[in-house]
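Just below is one structure, and these are the notes that go with it.
The values are calculated or read from the model by the stated rules, or taken from the named source; none is laboratory data. This one's a predicted model, so the numbers in the text were calculated from it and none came from an experiment. Please note: Cβ atoms are built from the backbone with ideal geometry, for glycine as well, and neighbour counts cover all protein chains shown.
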Amino acid sequence: MTPEIAALSQRLYGDDFEAVLGPRLAALGRVQSEYPDGCLRVSEIHVDPTRRSDGIGRMLIRAAVEQAVQQNLGRVGLQTLVGNPARHAFEAWGFDLVSTTTDEEFQRLSGAAGYHLMVLDV
């Protein structure tokens with residue numbers, strides 16, 4: 001945890017921030033997957049629910065593909081929560097499911113069983 005994040009966490013959660021955040025960060029670490037070599041990692045994609053099906057997500061993925069090509073990377077990768085309906089859109093756009101990582105504590109804290117790692121060859 002960086003000093004900046006620690007300071008922000010302490011402001012938000014008080015002096016017990018490590019007790020509050022520690023289990024959450026540990027559970028998150030257990031469901032993170034290792035991305036394949038040569039992979040541009042997409043950290044977050046969020047589309048306003050009122051604008052879904054407008055092609056915005058596809059445009060964002062195309063931009064990531066263009067970035068991967070410019071950087072001479074052969075893949076684009078992302079993680080999506082288990083149960084996220086966006087997984088079907090990613091599959092329709094050519095992403096392959098590489099792995100699924102689950103954790104009971106992560107599910108208890110987040111409501112999602114874990115993450116799917118998905119990769120698109122470009």
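So, of the residues in segment 94-107 that are in contact (Cβ under 8 Å) with a residue 60 or more places away in the chain and not aliphatic (A, V, I, L, M), which turns out to be surrounded by the most Cβ atoms within 10 Å (Cβ to Cβ)? Spell out how you get there, then give the answer.
Step one: filter segment 94-107 for residues in contact (Cβ under 8 Å) with a residue 60 or more places away in the chain, giving 98-99, 101-103, 105-106.
Next, from what is left, pick out any that are not aliphatic (A, V, I, L, M): 99, 101-103, 105-106.
Numbers: Ser99: 13, Thr101: 17, Thr102: 14, Asp103: 19, Glu105: 14, Phe106: 25.
Taking the candidates together, the pick is Phe106.
Taking the condition of being outside any loop (DSSP other than H, G, I, E, B) and either β-branched (Val, Ile, Thr) or within 19 Å of Thr101 (Cα to Cα) (or both), how many residues in segment 22-38 meet it?
Number of matching residues: 9.
Tally the residues that are over 19 Å from Val31 (Cβ atoms) and crowded, with 17+ Cβ neighbours inside 10 Å, restricting the search to segment 83-93.
Adding up the residues that qualify gives 1.
Would you pick out the residues in segment 62-89 that are β-branched (Val, Ile, Thr) and more than 23 Å from Thr101 (Cα to Cα)?
Val65, Val69
For Arg11, work out the one condition from (1) at pLDDT 75 or above; (2) over 15 Å from the mean Cα position of the chain (by Cα); (3) exposed (fewer than 13 other Cβ atoms within 10 Å of the Cβ) it doesn't fulfil.
That leaves (1) as the condition not met.
Report yes if Thr80 is of a type in the set (Ser, Thr, Tyr) and crowded, with 17+ Cβ neighbours inside 10 Å, otherwise no.
Considered against the rule, which asks whether it is of a type in the set (Ser, Thr, Tyr) and crowded, with 17+ Cβ neighbours inside 10 Å, Thr80 comes out as yes.
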